[in-house]
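First the structure, in the form of structure tokens, and then the observations on it.
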Amino acid sequence: MLLEVENINVHYGKIAALKGMSIQVDEGEIVSLIGANGAGKTTTLKTISGLRPLTSGRILFNGQDISKTPGHKRVLLGIGQSPEGRGVFPGMTVQENLLMGAYTRKDDLQADLDEVYGLFPRLAERKTQFGGTMSGGEQQMIAIGRALMTKPKVLLLDEPSMGLAPMLIAQIFDIIREINKRGTTVLLVEQNAQQALKLSDRAYVLETGQVVKSARGADLLDDPQVRAAYLGGDLGV
């Protein structure tokens with residue numbers, strides 16, 4: 001198992017954001033976390049990447065307990081994250097933003113830059129343009145590309161389709177599928193539950209910081225409770 005989150009509890013002050021939460025992600029999978037706002041999805045990703053401390057429980061990556069490993073060292077181990085809100089550096093060019101993802105690396109970066117530009121031709125066209133002048137969709141491409149520049153074994157994607165036009169949403173999901181085909185495991189947090197479940201091998205449903213259901217993505221698409229709560233009831237899939 002590549003990533004194991006075991007019975008973790010996470011607090012913001014006295015408020016419990018995650019309560020005994022456990023998930024597993026095997027190498028080569030796309031796994032999604034779905035749930036309402038405030039369910040704990042983003043907190044889960046932040047805790048895995050080292051941005052939020054655990055109250056209790058543990059996180060294993062490649063069999064190694066990383067529960068107390070600092071975030072920058074988790075990047076070195078192979079955990080890359082594209083955050084909610086994108087976090088683009090507005091006064092840096094597209095290429096400078098991408099290279100920020102490789103700040104821990106000492107090897108040659110050109111092949112990986114070329115691969116990112118191959119996935120996102122729009123970024124190649126505008127690599128000298130400042131990140132802050134790019135559209136929302138283009139900034140999302142920068143955020144994902146920057147995370148890929150860490151050479152992750154697992155890519156944590158937090159709301160990659162948020163605020164995007166439907167055509168761009170379809171493009172982003174196609175790119176996530178391609179990233180996975182090229183060998184990167186993906187853990188996806190996504191409000192667009194229908195698209196996420198279509199894409200995913202497996203998924204977990206979170207409510208108030210707890211996993212309440214888990215199954216194959218295709219099975220959750222057909223689950224009446226999931227459809228009613230997250231897919232608009234009888235909405236066709």
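The values are calculated or read from the model by the stated rules, or taken from the named source; none is laboratory data. All values reported here derive from a predicted model rather than from experimental measurement. In this analysis, Cβ positions are derived from the backbone assuming ideal geometry, glycine residues included, and neighbour counts consider all displayed protein chains.
Which condition number does Asn97 fail, the rest of (1) within 28 Å of Ile15 (Cβ to Cβ); (2) of a type in the set (S, T, N, Q); (3) in contact with a helix residue (DSSP H, G or I) (Cβ under 7 Å, 6 or more places away or on another chain) being met?
Single failed check for Asn97: (1).
Exactly one of these conditions fails for Thr104: (1) buried (at least 16 other Cβ atoms within 10 Å of the Cβ); (2) of a type in the set (Val, Ile, Thr); (3) touching a residue at least 24 places away in the same chain (Cβ under 8 Å). Give me its number.
Answer for Thr104: the failing condition is (1).
Among the residues of region 78-120, which ones are aliphatic (A, V, I, L, M) and more than 22 Å from Lys46 (Cα to Cα)?
Met92, Val94, Leu109, Ala111, Leu113, Val116, Leu119
Do you know which residues across region 156-175 are within 24 Å of Gly38 (Cβ to Cβ) and touching a residue at least 40 places away in the same chain (Cβ under 8 Å)?
Within region 156-175, Leu156, Leu157, Asp158, Glu159, Pro160, Met162 meet the criteria.
Look through Glu125, Glu84 and report the one residue that is modelled with pLDDT of 95 or more and closer than 21 Å to Ile172 by Cα.
Glu125
Scan region 56-91 residue by residue and report those that are touching a Leu at 6+ places or on another chain (Cβ under 9 Å) and more than 16 Å from Lys153 (Cβ to Cβ).
Gly57, Ser67, Lys68, Pro83, Glu84, listed by residue number.
What number of residues in region 105-127 are more than 22 Å from Leu76 (Cβ to Cβ) and in a helix (DSSP H, G or I)?
Adding up the residues that qualify gives 9.
Quick check on my filter: what residues within region 156-212 are within 19 Å of Pro83 (Cβ to Cβ) and of a type in the set (Phe, Trp, Tyr)?
If the condition is that a residue be within 19 Å of Pro83 (Cβ to Cβ) and of a type in the set (Phe, Trp, Tyr), then Phe173 is the only one that fits.
Does Lys41 qualify as being of a type in the set (Lys, Arg), exposed (fewer than 14 other Cβ atoms within 10 Å of the Cβ) and within 30 Å of Leu123 (Cα to Cα)?
Judged against the criteria, Lys41 is not a match.
Of the numbered conditions (1) at pLDDT 95 or above; (2) over 30 Å from Gly118 (Cα atoms), Gln225 fails exactly one; give the number of that condition.
Gln225 satisfies all of (1) at pLDDT 95 or above; (2) over 30 Å from Gly118 (Cα atoms) except (1).
Would you be able to say whether some residue in region 74-93 is touching a His at 6+ places or on another chain (Cβ under 8 Å) and farther than 30 Å from Arg216 by Cα?
No - not one qualifying residue is present in region 74-93.
Could you tell me which of the residues Ser22, Ser56 is out of contact with any Gly (no Cβ under 7 Å at 6 or more places or on another chain), over 26 Å from Arg177 (Cα atoms) and of a type in the set (Gly, Ala, Ser)?
Going through Ser22, Ser56 in turn, just one is out of contact with any Gly (no Cβ under 7 Å at 6 or more places or on another chain), over 26 Å from Arg177 (Cα atoms) and of a type in the set (Gly, Ala, Ser): Ser56.
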